Structures are given as structure tokens and as C-alpha cells.
There are 2 protein chains.
Amino acid sequence: MIVEIINTGSELMLGFVLNTHQQWLCRQLADAGYTVTRQVAIADTGLAIQAAVRESLARADFVIVTGGLGPTSDDLTRDLIAELLGRKLRLDEGIAAGLRAFFARRGRNMPETTLVQAQVPEGAEVLPNPNGTAPGLALTVAPNPFRPGGRLSRLIMLPGPPREMRPMFLAEVLPMLQREFPLADPFVCRTLRTTGIGESFAEDRIRGPLQPLVASGLELGYCAHYGSVDVRIVTRGRAAESLAAEAEAIIRSQLGAHVFGTQDDELPGTVVALLTERRQTLVLAESCTGGYIANQITNVPGASAVLLAGIVTYSDAAKQSLLAVREETLAAHGAVSEATVRQMAEGARARLRADYALAVTGIAGPGGGSEAKPVGTVFIALATARQTLVMNPTNRYDRATFKIVTCQQALELLRRNLLGE
Amino acid sequence: MIVEIINTGSELMLGFVLNTHQQWLCRQLADAGYTVTRQVAIADTGLAIQAAVRESLARADFVIVTGGLGPTSDDLTRDLIAELLGRKLRLDEGIAAGLRAFFARRGRNMPETTLVQAQVPEGAEVLPNPNGTAPGLALTVAPNPFRPGGRLSRLIMLPGPPREMRPMFLAEVLPMLQREFPLADPFVCRTLRTTGIGESFAEDRIRGPLQPLVASGLELGYCAHYGSVDVRIVTRGRAAESLAAEAEAIIRSQLGAHVFGTQDDELPGTVVALLTERRQTLVLAESCTGGYIANQITNVPGASAVLLAGIVTYSDAAKQSLLAVREETLAAHGAVSEATVRQMAEGARARLRADYALAVTGIAGPGGGSEAKPVGTVFIALATARQTLVMNPTNRYDRATFKIVTCQQALELLRRNLLGE
């Protein structure tokens, strides 16, 4: 079973936009048991699109093409593919009516060019687009003129905007793929997300205990991000579910509380969920992370139930006036010190009457380091009703990565405390 | 001149990581006048890598392959390409000595597998890697067995980690490309970054005045991001510089202060630079953006010279205690109101004794909207020594996009004020 993806768009080739389609589609497909063999990006010009589609049809069972279905002059995918396959285009009255209604609802006149989106190649199925104007299209290429033996390929065209493409893929394309190309065997894919442990240490702890399961067909994968490591379990066959469950149990027992979630869980969401469950509140006092932690927490819908405030004190004066850090402390120990971070956390907690306060101070760089406190020096404090915990990692990274790693460490300190560890 | 990029890595095909190499390399090349024709991503397995390299060598003058040069068992690019081209690998003593020194400096033992990175295919140039262990490699494929007429191709292998790949590309590969495949004509590429004006409005204003220059060979491109639109000017030939300068002058006169920067400038950097120049200070009071603006500002190195504090007041109590918003105001008008945002800005400015205060309150969604104040309602205030300005846009987007757009609007309000408009 061969799946390929073709992303069209001159803006991709000029480096104007990041190709998020690739990661998203590959991940959705991998989690469903289908691995993408090849992804190609090309400009939205005639020759390039037709060449890429011809080559993919020569190899693949299922080809997904994104982009170029809109109404403007550089939206050529539909026409070029119809031409390549020798299919006539016809105006689909249902789509045309839908387009007219779309504009009517918004009280806008419909430009005539819009109707190009109602053109459908002979024999194509129309995939509805509830989030935009361009419908998707699904073609069956059989006999397939480009493939040895004329073997059938499916060719799917999806609109380029992510908020149109993604729901259409999930509602229409994935079920179609699973129906038409069912996996030979049951398939389970599970990702366990860990933090606070390096990739090789995680591997060292679980490799031995999992060895018998690997011998029975368990596939293991590791993926390191800044501040976290994913362990991916894949199993196939009749025993897939039980094998995966067994593997998960072993990994959880070996890695313990390092495992903070599964699949797409993120640490901020995990922490917000734990606090919400306990009806407890949080306040943040950030210096070197400059609002990054507050931003991560407030990206979680419902964060307002737990986050009372985030205070970014970039100046010494702000540390004093907003967090009641004492002038003598700053003078004696400096802004980047255990004494200061402790007062930041305790000051923030008292001021907002929160259950927990997390405080961070450090030197993100590129400037500001010294012999005694080099760039990367960080102090993190967690103030609770019972005590104030302080940790002092060294995070030598560029400015953006520094923030990511420091945030993970701070949230992990809170999570461990919430779990009673 | 045909340039292609091949990105290797099973983590790409499983959707574990975003392929940032594509955008970055395409952008660097486009800005230097070379357009990438095709980008391919494949798993790091033997057949896939060799097939992709063979196909690119059959088409392209310059092929860049990223990833798979490291020391672990899935780093196969070097071996597979040497095999494909029938080149023997030899141990490069210079690289080996460098690897030993790298580990010695860090006081760590060097695993023997590390030395695989010192293997060099016959005839390859070594591209030094000051930021990691795996050097890059540059091969000349001539005669090229895969290309009609045996025409020469260059084949470049770069390490996968961005902080190793990017400096190596800029220091070694781009100069090599420009030396070996000089552009036939002088080439100028300039991007003007705008905000506060939609793509079609920007196009309407400049299309007419630029018409004569387009007739003389000016190429124009537009790229819309959330909250900003890029206008890209490309000119070629002997008059490239003067044509580009003339085009830039026309665009600037038509779009006026909507142009906030060029090339890779970002609004937070522009605002920090303006404030630094004026030795003025800023304080932020954020509700619905939850620290996003503070994080954007503190991503700019040197932001500590201008940002005194960012106060994220997610709760009403925090608005009262940290920003001196009056209880009666919250009761009478609600947290999302002109009266509240005004007090947030003025309270923050007074409290920190800053020159400027930006305050934001609104409903990011998905929940929390009402008939009178639907999701997307935003109030933004700028408090200065002279006055407090308030704007009230409606930003109906998902939570993450809402933050981006609102931040752009707030920073643009400040930028316009700093420019005296």
C-alpha cells in the first residue's frame, strides 16, 4: 500500500510559507497505520504539476494533492489533472448553487470566476467543503495509464487552506482510504509523551524489558523534541491490542511519572487539567521567559479557570513593585539568584492569593552573561502552601529554545508536585 | 538552472516533526535569485534515498540533500549516495581528529560509532561544521550517469539539525552555488512588509502606478500572513538595482506607514527598535492575549531596555489588584469593555512609570461569547503621556490566530503613535 502526497504552491517554493500540510497529513495517516512513502512540493505551474502527478500515479495506490483548487488565476490543479488524464470538465449545478448561497449568506456579490470551483472532471466524486468555497475531488484512475499493468490508483485533490483541508481529510478522505484499502492486519499506534528524561536514557530503561515484545513484533520509535521525548508503539496483527497494552504498561512502569500524556497531549494542557480537577489556582512570575509560559498556559481553552495572572517582570523595579522582591535581595544576590526567584514566587502567590506560584529568572542570552552566571543560567521556583521549591538548571540554547526548555522544566516541577511526588 | 532539495528522515514521513528546512532553504535560495523547482521528502531507507537522489540527478544542476549524516544506525545518507555513485569511502584523518577534539573539550568519551562521520566519499569536498559533529559533503557528479548527455550535477549533503545546517548553508553552500552557477543577469529581490491593509487593497493601490515598471520587467508578488502582507519585488538585468529602487519608492509612497519593514523584519522588532532609539519604555497589560504580546516582545534581543513589565490579568481580581481597575467599572461594563481596557492601560502605565502602556481585553473563544459581545470582540488601549487611544476590532479566528492578529493590531497602534501619526 503506497501513499504519496503532492503539495502545490509557488509560495512554498519561494519559502514564503511553511508546509504544515506535510506534517499534519503524514501524522494522521501514520496514526491510522498508513505510512507516506514520499512527499513532493512543486510550484503551481502546468509542467511541474503534471510531471509530479504522473510520477506519483506510476508508483502509488493513493495520491493526495493539496492546493490550487481556488478561484484565482494560479489555481490550476483541477484543470491540469483533468487534462493529464484526458477527462472533460463539466459544471456541477449542485456546487454552483452552493457557491451562490455561500455569497448570498454573506451579502456579497459573487465574482463570475468563483464558478470555476464548480468544474468537476468526468467521473470525479465531489468532497463537500463546509469551511470554504472549493470542494475536494476524488478520482479513480483505472486503467492507470502510468502504472505497470494499468493498476488502479486513487487521486484525491484537497483545497490548500488548512482549516478547509483538515476537516475534509478527516471527514471524507481517511474513511475512504480505510474502506478502499483496509489494513491487512489490525494496527495500533500509540505515543507516550515523556519529559525530564533524555532520549538515550529513556531508551536504556525500556529496551531490555520490552525485548520479548519486540521479538513478537512490537515496533518502537523515539522522537526527541526540546524538553520532551515521545515513545511510539506500533503493533500489528491479531494480538495488536494486547501487545500494545502490554508494551504501554511496561513503559509506564519503567518511566513512571516521566510519562505526562499520550498522543497529542502537551504539558500546559496536562497541568491545566490537573489544576482544574483540583479546583486550584496558579499565578506565574516570569523574567527570562518573558511571557512564554503564560502564553502556553493561555493557549489551553479553559485556562481562565486556573490562571489568575502572569506577571512578566523584566525590570528590577517591576520585580519590586509587582512581586515585592526586596531591594536588598536584588542588591546582594542579583536578579538571577535563588533568593530572588524565591521572593518572586512567594510574592506572586501572596499577592494573588493563588494555590501555586511558578517563578522563573535567568539569562536567556545572547548578551548578559558573566563568569559566575553564564548565559543559560536559570532559577525556577514553585511556591505552595507548604513550601517553596527551587531548581537551578543551565539551559544553553538560542533565545527561543531557551524559553521552550525552561517552560517545560517549570511546568514539570508543578506537575510533579501536583502528583504528590 | 535547476535546484532541487531532498529532505530525508522517517520522522518527517511519520509526521513527528515539521519540515522547516524546506521553507528556510527555499527562501534563502529565492532571495539569492535561484528558485527551487522541486522538494522531496522521503524516509531514511536505502531504496527511497537512492531513488530520490537518482531522479534529482537526472533533472537538476544542484541537488541539496539534508539529514542522515549523524552517527546512529538510521544515518545512511552518506553510505547510500556513495554506493549509488560507485564511490569508495575513506576515513578523513582531519575530520577524525576534529571529532576527538570535540569530545575532549566536553570531557566526554567518544563512542567509536562517532567515527562514521569522518567517512568521506572519493572526490568529495568536506564542508566544516562548527556547530556539531557531522561535516557536510559536496560532490561533483561528472559525467553524470543519470542525466541526458552525462551533464554535470553538484550534489550537496548537509546535516539535519537546523542549527548546524543553516550556518553551513550560508557559509559554504550559497557562495559555492553563486561561484559555480552565477546568475546570467544581476538580480535584486526585496520584500516590503506591510500591516493594517489587506492583500487586495494593497494590490489595488500599487498596481496602477507600478504598471510601467512591470512592463519593463519588474516582477511583483504578494504574500498574506495573519495581520501582515508582504510585497515582493524581483528585478533582473543591468537595470535591476535602479528598477527595484524605483519600485520600492512607488510602493512606499502609495502604502505610506503601512510599510513597517523589509525582508525578515517583524513588528515586535520594529517597535523595540523605535522605543530603544527614543529611550522610552513600555508596559503591557494583557487579558485575552494571555502573554502572547509579552512573549513576542521579549523574543527580540535587547527588549529588556524598553519593556519594564508585562501583566497578564486573566482574572477580575488581578485586574483590580495589579492594574487598579475599579470594581464598579468591572461591574457596570464588564471585563471586556472600553472603560476596563482604558483603566488597564492607564493603571499599568502609572504603576510602572512607563512612557507607554498597551492593554488588551477580549474574548478569544471558543467559549465565553454573548449576543452583545460575541467571540472575537477585542478592546485595545494605548496610554501615553498625552492621551489614551482605544480601538475595538472584531477578530473572529481560532484561539491561536486570534492572539497573532490582536498582537499585530496592538503593536501597530503603538508604532503609528511612535511615528507621530
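Taking the options A:Thr406, A:Thr361, name whichever one is β-branched (Val, Ile, Thr) and over 27 Å from the mean Cα position of the chain (by Cα). Give the steps one after another, and end with the answer.
Numbers: A:Thr406 fails: over 27 Å from the mean Cα position of the chain (by Cα).
When all the criteria are applied, what remains is A:Thr361.
Does the range A:404-421 hold any residues that are part of a helix (DSSP H, G or I), open to solvent by 30 Å² or more (accessible area, probe 1.4 Å) and farther than 12 Å from A:Ala381 by Cα, and which are they?
A:Ile404, A:Arg416
Scan the range A:37-70 for residues that are among the polar types (S, T, N, Q), away from chain B (no Cβ under 11 Å) and farther than 19 Å from A:Asn144 by Cα and report the count.
Selection size over the range A:37-70: 1.
Hey, could you check the range B:204-218 for residues that are loosely packed, with under 14 Cβ neighbours inside 10 Å and of a type in the set (D, E, K, R) and say which is farthest from B:Ser242 (Cα to Cα)?
Of everything passing the filter in the range B:204-218, B:Asp204 is farthest from B:Ser242 (Cα to Cα).
Mind checking which residues of the range A:12-36 are facing chain B (nearest Cβ under 9 Å), surrounded by fewer than 21 Cβ atoms within 10 Å (Cβ to Cβ) and touching a strand residue (DSSP E or B) at 6+ places or on another chain (Cβ under 6 Å)?
A:Asp31
Which condition breaks for B:Glu4 when tested against (1) within 11 Å of chain A (Cβ to nearest Cβ); (2) charged (D, E, K, R); (3) open to solvent by 20 Å² or more (accessible area, probe 1.4 Å)?
(3)
What residue, among those in the range A:363-396 that are part of a strand (DSSP E or B), open to solvent by 20 Å² or more (accessible area, probe 1.4 Å) and not hydrophobic (A, V, I, L, M, F, W, C), is farthest from A:Gln409 (Cα to Cα)?
Result: A:Thr388.
What is the residue count in the range B:323-338 for residues that are over 18 Å from B:Gly368 (Cα atoms) and within 40 Å of the chain's Cα centre (by Cα)?
Qualifying residue count for the region: 3.
Would you check if there is a residue in the range A:348-362 being farther than 28 Å from A:Ala305 by Cα, within 14 Å of chain B (Cβ to nearest Cβ), touching a residue at least 40 places away in the same chain (Cβ under 8 Å) and open to solvent by less than 20 Å² (accessible area, probe 1.4 Å)? So that I can check it myself, show each step before the final result.
Restricting attention to the range A:348-362, the residues satisfying the condition of being farther than 28 Å from A:Ala305 by Cα are A:362.
From what is left, the residues that are within 14 Å of chain B (Cβ to nearest Cβ) are A:362.
After this cut, where a residue has to be touching a residue at least 40 places away in the same chain (Cβ under 8 Å) as well, the list is A:362.
After this cut, where a residue has to be open to solvent by less than 20 Å² (accessible area, probe 1.4 Å) as well, the list is A:362.
Looking through the range A:348-362, at least one residue is farther than 28 Å from A:Ala305 by Cα, within 14 Å of chain B (Cβ to nearest Cβ), touching a residue at least 40 places away in the same chain (Cβ under 8 Å) and open to solvent by less than 20 Å² (accessible area, probe 1.4 Å).
Is it the case that the range B:226-241 has a residue that's touching a residue at least 24 places away in the same chain (Cβ under 8 Å), out of contact with any Ser or Thr (no Cβ under 7 Å at 6 or more places or on another chain) and within 11 Å of chain A (Cβ to nearest Cβ)? Outline the logic, then answer.
Taking the range B:226-241 first, the residues touching a residue at least 24 places away in the same chain (Cβ under 8 Å) are B:226-238, B:240-241.
Narrowing the set further to residues that are out of contact with any Ser or Thr (no Cβ under 7 Å at 6 or more places or on another chain) leaves B:233-238, B:240-241.
Adding the requirement that they be within 11 Å of chain A (Cβ to nearest Cβ) leaves B:234.
Scanning the range B:226-241 turns up at least one residue that is touching a residue at least 24 places away in the same chain (Cβ under 8 Å), out of contact with any Ser or Thr (no Cβ under 7 Å at 6 or more places or on another chain) and within 11 Å of chain A (Cβ to nearest Cβ).
Please state which one of A:Ala331, A:Ala345, A:Ala309, A:Ala318 is at the interface with chain B (Cβ under 10 Å from one of its Cβ atoms), closer than 24 Å to B:Ala305 by Cα, part of a helix (DSSP H, G or I) and aliphatic (A, V, I, L, M).
After ruling out the rest, the residue left standing is A:Ala318.
If you scan the range B:270-306, which residues turn out to be charged (D, E, K, R) and either at the interface with chain A (Cβ under 7 Å from one of its Cβ atoms) or closer than 25 Å to B:Val259 by Cβ (or both)?
If the condition is that a residue be charged (D, E, K, R) and either at the interface with chain A (Cβ under 7 Å from one of its Cβ atoms) or closer than 25 Å to B:Val259 by Cβ (or both), then B:Glu277, B:Arg278, B:Arg279 are the ones that fit.
For B:Val283, state whether it is in contact with a strand residue (DSSP E or B) (Cβ under 7 Å, 6 or more places away or on another chain), assigned to a strand (DSSP E or B), under 22 Å from B:Glu199 (Cα atoms) and open to solvent by less than 10 Å² (accessible area, probe 1.4 Å).
The answer is no for B:Val283.
Cβ-Cβ below 7 Å, separation at least six or inter-chain, first residue in the range A:105-125 and at negative phi, second assigned to a loop (DSSP other than H, G, I, E, B) and open to solvent by 90 Å² or more (accessible area, probe 1.4 Å): which pairs?
Partner pairs satisfying both residue conditions: A:Glu122/A:Lys88.
Within the range B:288-322, how many residues are open to solvent by 10 Å² or more (accessible area, probe 1.4 Å) and among the small types (Gly, Ala, Ser)?
So the answer is 6.
What are the residues in the range A:170-196 that are crowded, with 17+ Cβ neighbours inside 10 Å and either part of a loop (DSSP other than H, G, I, E, B) or basic (Lys, Arg) (or both), if any?
Passing the criteria: A:Arg190, A:Arg193, A:Gly196.
The values are calculated or read from the model by the stated rules, or taken from the named source; none is laboratory data. Remember, predicted model here, so these are calculated numbers, not experimental data. In this analysis, Cβ positions are derived from the backbone assuming ideal geometry, glycine residues included, and neighbour counts consider all displayed protein chains. Keep in mind that these areas ignore ligands, DNA and RNA; they rest on the heavy atoms of the full protein, side chains included. Shrake-Rupley method; radii C 1.70, N 1.55, O 1.52, S 1.80 Å.
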